[in-house]
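Inspection log for the structure reproduced underneath, given as structure tokens.
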Amino acid sequence: MINVQDLQNKSQDELFYFVGTDVVSSEKIIAPRYSYWRSVFRVFFRKKINIVLLVFLALILFMSFVVPIFCPYDTFENVHVAKTFNLSPTDAMNYFGGFSLKYILGTGNYGNSIAYGIMSSARISLLLATICAAINMTAGILMGAVWGYSKKVDAVMLVIYNIVANVPYILLITVLVYVIGSGFWQFVLALTITGWLPIAFFFRTQVMIIRDREYSLASRCLGTPISRIVSKNILPFLTSVIVTMLATELPSYISMEVFLSYIGIGLSAEVPSLGRMISEAQSAFLVFPWAFWAPVAIASAITIILYVLGQNLADASDPRTHM
């Protein structure tokens, strides 16, 4: 007969040995910790193009927000010297005494530095786009979630949406700019006073698709408040949709500002903007192309970089790409 005590005293190098049982340890599930956003950024940075675009975006942000602090822009700095008007980059640097970052892109209609003007204008355009996108996306997502979940709110908001949606957006902004003014914050108000409504309508449709799924119905049966169902069950499911929408909204405000300033109903003259620079140079872009194409190239580059980065981040935030 085998002695149990002898088996327990055998060396640990034996093929079989006794293992103690621990009820608490047996209930533990050993699995790697998962972080959704860590996985998102791992997928995002897997594409080398995103790293390249982020470097360019960081350079644009540095030139737009840091350099103007030390190199302020003055549109009428050389307005009293007619010889400085519309100089090419080579002529400008020769006139002002050699190579200079200030005149690397030449001068404008009033002898102003195009390079410094682009930096200050890009800062205004980026601030405008960020503020408008933040306001419209926040209001649109929150209102869209309530709109899609409450039938009473849906009945009222559909009437408001049908009325506002039939008014041309450009016409509405034009009227508001003429009524409230064309300063920076007035322009922000004009772009956001109804800009959130299409976003809210889009998310209303998305919420209506999700709200009647099994886990949402189970939460309602358990008495979970609607606010918690929306914030915990519905909005997290729409993360990739939100990022996709943001990817299109952010560059669209830069394009909107450039277009409106180009046609003369954008920001006021004392606020530098890419659209105003393009508008002032478009009449002579064949004669002085450096004054026209430089702001066009920067506005296009900012829009494309933001759009591509946003779309790639939206793809990375889709849980199906993490499998």
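We did not get these values from a lab; they are worked out from the coordinates using the rules stated. Just so we're clear, the structure is a prediction, and the values are computed from it rather than from any experiment. Methodologically, a virtual Cβ is constructed for each residue, glycine included, from the backbone with ideal geometry; neighbour enumeration extends over all protein chains shown.
Key figures
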{"quantity": "Dipole-positive endmost among 141, 310, 300 within the chain (Cβ charges, Cα centre)", "calculated": "141"}
{"quantity": "Inter-site label distance for residue 208 and residue 282 at 7 Å from Cα along Cβ, in nm", "calculated": "3.9"}
{"quantity": "Per-residue [θ]222 nm for the chain (sum of -39500 (n - 2.57) over DSSP H runs n ≥ 4, rounded to 500)", "calculated": "-20000 deg cm²/dmol"}
{"quantity": "P(r) tail fraction, the stretch 243-323 - alpha-carbon pairs more than 14 Å apart, %", "calculated": "66"}
{"quantity": "Cα→Cβ-extended label distance, 7 Å offset, between residue 90 and residue 311, nm", "calculated": "3.9"}
{"quantity": "Amide H contacts under 5 Å for residue 318, placed H, 5+ residues apart", "calculated": "none"}
{"quantity": "Rounded to whole Hz, the Karplus (6.51, -1.76, 1.60) HN-Hα couplings of the stretch 207-218, x for glycine and proline", "calculated": "5, 4, 6, 8, 4, 9, 6, 4, 5, 6, 5, 5"}
{"quantity": "Charge dipole magnitude, Cβ of K and R +1, D and E -1 - the chain, Cα centre, debye nearest 20", "calculated": "480"}
{"quantity": "Stretchable slack from residue 166 to residue 104, in nm (0.36 nm times residue separation minus alpha-carbon distance)", "calculated": "17.7 nm"}
{"quantity": "Exposure proxy ranking, count of Cβ atoms within 10 Å, fewest first, for 156, 241", "calculated": "156, 241"}
{"quantity": "Point-to-point label distance, residue 259-residue 151, nm (Cα→Cβ direction, 7 Å offset)", "calculated": "3.9"}
{"quantity": "Net +/- balance of residues flanking residue 129 in space, Cβ distance below 10 Å, scoring K and R +1, D and E -1", "calculated": "-2"}
{"quantity": "Estimated vicinal HN-Hα couplings, Hz - the stretch 113-123 in sequence order (Karplus 6.51, -1.76, 1.60; Gly, Pro = x)", "calculated": "6, 5, 5, 5, x, 5, 4, 5, 5, 5, 4"}
{"quantity": "Of the chymotrypsin sites (Phe, Trp or Tyr not before Pro) in the stretch 268-323, those whose Cβ has at most 14 other Cβ within 10 Å and which sit in DSSP loop", "calculated": "285"}
{"quantity": "The stretch 182-323 - charge dipole about Cα centre, Lys and Arg +1 at Cβ, Asp and Glu -1, debye rounded to 20", "calculated": "600"}
{"quantity": "Per-selection Rg to Rh, the chain - Cα, Kirkwood hydrodynamic radius", "calculated": "1.21"}
{"quantity": "Environment charge of residue 261, counting only residues whose C-beta is closer than 14 Å and scoring Lys/Arg +1, Asp/Glu -1", "calculated": "-2"}
{"quantity": "Contour minus Cα-Cα distance for residue 70 and residue 47 (0.36 nm per residue)", "calculated": "4.8 nm"}
{"quantity": "Contact order relative to length of the chain, as percent, for alpha carbon pairs under 8 angstrom and 6 or more apart", "calculated": "21"}
{"quantity": "Calculated from backbone phi, Karplus (6.51, -1.76, 1.60) coupling profile of the stretch 67-77 in Hz, x at Gly/Pro", "calculated": "4, x, 5, 9, 10, x, 9, 10, 4, 9, 4"}
{"quantity": "For 91, 315, order by how many other beta-carbon atoms lie within 10 Å, fewest first", "calculated": "91, 315"}
{"quantity": "Footprinting exposure proxy for 268, 317, 113 (fewest neighbouring C-beta atoms within 10 Å first)", "calculated": "268, 317, 113"}
{"quantity": "Signed unit charges on C-beta, dipole axis of the chain, positive-most listed residue 40, 274, 239", "calculated": "239"}
